[in-house]
Protein chains: 2
Amino acid sequence: MTPPRSTSARRRRSGCPIASTLEIVGDRWTLVILRDLLNGKATFSDFLASPERITTNVLTDRLAAMERDGLVVRVPYQERPVRHRYVLTGSGEALLPVLQAICRWGNTHVPDTWIPPEAFMRRTVPDPVPASDGRRR
Amino acid sequence: MTPPRSTSARRRRSGCPIASTLEIVGDRWTLVILRDLLNGKATFSDFLASPERITTNVLTDRLAAMERDGLVVRVPYQERPVRHRYVLTGSGEALLPVLQAICRWGNTHVPDTWIPPEAFMRRTVPDPVPASDGRRR
């Protein structure tokens, strides 16, 4: 697992944990790609095939940002041509409760939304290992 | 409380509750304004004063979208010149668990983020009243 890149290096707008997190995942495509990764999708063409029809240039851009922010790592699975699969890091996977909270709100407040599989809604992420500075990675 | 406007009227990309919700609150400024509203801020100048320094035109645009989507209502509190306060609807307030999940992730995975007041993290929203179609408003 790759530790997340510090976002302190960028000029953040504030130390608010909500505003700071949204600088990483505030783009709606990022959370849609995370949804796909949490549901077992892993390749560029997997993500392209999703019903929201992300465009290839937005997908390329979002995956690069997610890699830079330590949410995914790229694993080569084929040479000539090189192809990669994307694997969630611990911090990427730890966004599951955010997606579950969004799902609950959507199912309650947005008409005609699909009910997600119960397995997705009940899933939990393992507790992260505490780091020496008291924060968890 | 204003019932949320149906987003079915817009061309939604899919019925996925995550993707559909992000079409409403996938903009990071919307969630930052919601954070302020949940913390007692209510006026245009309150939101402008936040440390993230939203610009007036983005704020005007986001508040209009939030009103259209039924997350806030505008209440006049002064005439000549007319001034409004923004009040969260039930569906706007129901986004609290999404913001709490974002806070938890940010405090764990983004360095140097503020720890929110315990009262904010422990707060719960009242259960919405079931509507006749079985969905809740």
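Rule-based calculations on the coordinates, nothing more; no lab input. Since this is a predicted model, take the numbers as computed values, not measurements. As a convention, Cβ positions derive from the backbone with ideal geometry for all residues, glycine included, and neighbour counts pool all protein chains shown.
Give me a single rounded figure for B:89-101: the average over its residues of other chain Cβ atoms within 10 Å of their Cβ. Let's see the in-between values first.
On the way: counts 1, 1, 4, 1, 0, 4, 4, 2, 7, 11, 6, 4, 9.
Per residue, the average neighbour count from other chains is 4.
Let me confirm one metric for peptide B:27-35, namely the mean number of other chain beta-carbon atoms within 10 Å of its residues' beta-carbons.
4
Would you mind listing the distances between the residue A:44 label point and the same position in each other copy? Use 7 Å along Cα-to-C-beta, nm, one decimal, shortest first.
4.7
Within a 10 angstrom radius of each residue's Cβ in A:74-80, how many Cβ atoms of other chains show up on average? Whole number is fine.
Average per residue, whole number: 0.
May I ask you to report, in nm to one decimal and beginning with the shortest, the distances from residue B:15 to the same position in the other copies, taking label points 7 Å along Cα-to-Cβ?
Its label point is 4.7 nm from the equivalent points in the other copies.
Residue of B with Cβ nearest the axis relating B to A, plus distance in whole Å?
It is B:101, 2, counting Cβ atoms only.
Which net charge results when you count Lys and Arg as +1 and Asp and Glu as -1 among the other residues whose beta-carbon is under 12 Å from that of residue A:43?
Neighbour charge sum, excluding residue A:43 itself: +2.
If you put +1 on each Lys and Arg Cβ and -1 on each Asp and Glu Cβ, how big is the dipole of segment B:28-137 around its Cα centre, in Debye rounded to 20?
120 debye
Quick one: with label points 7 Å out along Cα→Cβ, list the inter-copy distances for residue B:57 in nm, shortest first?
2.2
Take the alpha carbon atoms of segment A:5-90, find their radius of gyration, then divide it by 2.2 N^0.38 Å using N residues; give the quotient.
Values: Rg = 13.8 Å, N = 86, 2.2 N^0.38 = 12.0 Å.
Here the answer is 1.15, to two decimals.
Sort B:114-126, A:67-79, A:103-115 by the packing proxy (mean of other Cβ within 10 Å over each peptide's residues), most packed first. Write out the running numbers ahead of the final one.
Numbers: B:114-126: 11.6, A:67-79: 15.7, A:103-115: 19.6.
Answer by packing, highest mean first, reads A:103-115, A:67-79, B:114-126.
Quick one: Cα centre-to-centre distance for segment B:28-48 and segment A:33-66, in angstrom?
31 Å
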